[in-house]
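Encoded as structure tokens, the structure appears first; notes follow it.
The values are calculated or read from the model by the stated rules, or taken from the named source; none is laboratory data. These numbers were taken from a predicted model, which means no experiment stands behind them. Heads up, the Cβs are rebuilt from the backbone with ideal geometry, glycines too, and the neighbour counts pull from every protein chain shown.
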Amino acid sequence: MRRPRSGRTAAVLAVALLAAALLAACQTTQPTASTAPAPAAPRITNSSGLSEAPGRVVAQNKGWVVRAHPATKTGAAYCFATRADSSSPLSFRATAKGAAMLVNGDQHAQPAEDRDAKLMAMFPDGEKVALEAKPLPNGGVMVPVELPSYEDLFEPFMRSKAVTLHSDSANGTVGDVSLGGSSWALNALDECRILHTDG
């Protein structure tokens, strides 16, 4: 009677020892590499914050062209008005949040530094308008405009045929600039802003 019990005890003991050995082996095994996905890389946006998508012509008249640039994952939608023949140093840009007049600046131009420049506009009727501007990396300037004062600030540019611009930035005097068709261009730009940006 004792031998069978001893055999059973030995078998139970052997199973217990085997289980303990397997458990110890599991606990000392080095953890495998995590299978969790790596964190996504931060999304890099372009420096201007504006869309880099090609613009679509939405209006063209009186020597001006207005293009709408749709929003992308890396940039906001905007509208851009420029002379059809690219002969003018002036261009105008509008987003859902604001507008800007660019003098010798490309459509994505943004100020290089947080400092002010002065831009003096002298019209044929003798009117002079001093504008708060921001210098651009290429030597041009940008005049940012809040949307409520959009028409008030640009009104002299809309009713005049020409303007002489002088900047205290690196470019100095820009010279005489034709404003023919600018009234149409600025109105078309504002309409583009309403229809084709997120405003």
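Structure summary
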| item | result |
| --- | --- |
| Of all residues making up region 154-183, the number that are assigned to a helix (DSSP H, G or I) and more than 14 Å from ARG93 (Cα to Cα) | 6 |
| Unique match (being surrounded by fewer than 20 Cβ atoms within 10 Å (Cβ to Cβ), on the phi > 0 side of the Ramachandran plot and modelled with pLDDT under 95) among GLY175, GLY199 | GLY175 |
| Where a residue in region 93-108 is over 16 Å from LEU186 (Cα atoms) and without any contact (Cβ under 8 Å) to a residue 60 or more places away in the chain and its partner, wherever it lies, is crowded, with 19+ Cβ neighbours inside 10 Å and of a type in the set (Val, Ile, Thr), with Cβ under 8 Å and at least six apart | GLY105/VAL141 |
| Close pairs (6 angstrom Cβ cut-off, 6 or more residues apart or separate chains): within 18 Å of PRO70 (Cβ to Cβ) in region 182-199, among the polar types (S, T, N, Q) and not in a helix (DSSP H, G or I) anywhere | THR197/THR95 |
| Count - residues of region 108-153 that are surrounded by 21 or more Cβ atoms within 10 Å (Cβ to Cβ) and part of a loop (DSSP other than H, G, I, E, B) | 3 |
| Pair list, Cβ under 6 Å, 6 or more apart: region 134-153 residue touching a residue at least 40 places away in the same chain (Cβ under 8 Å), other residue part of a loop (DSSP other than H, G, I, E, B) and of a type outside the set (Gly, Ala, Ser) | GLY140/ASN104; MET142/LEU136 |
| Residue within region 164-179 that is within 22 Å of CYS79 (Cα to Cα), touching a residue at least 12 places away in the same chain (Cβ under 8 Å) and aliphatic (A, V, I, L, M) present | yes |
| Residue that is surrounded by the most Cβ atoms within 10 Å (Cβ to Cβ) [pool: residues in region 70-107 that are of a type in the set (Lys, Arg) and outside any loop (DSSP other than H, G, I, E, B)] | ARG93 |
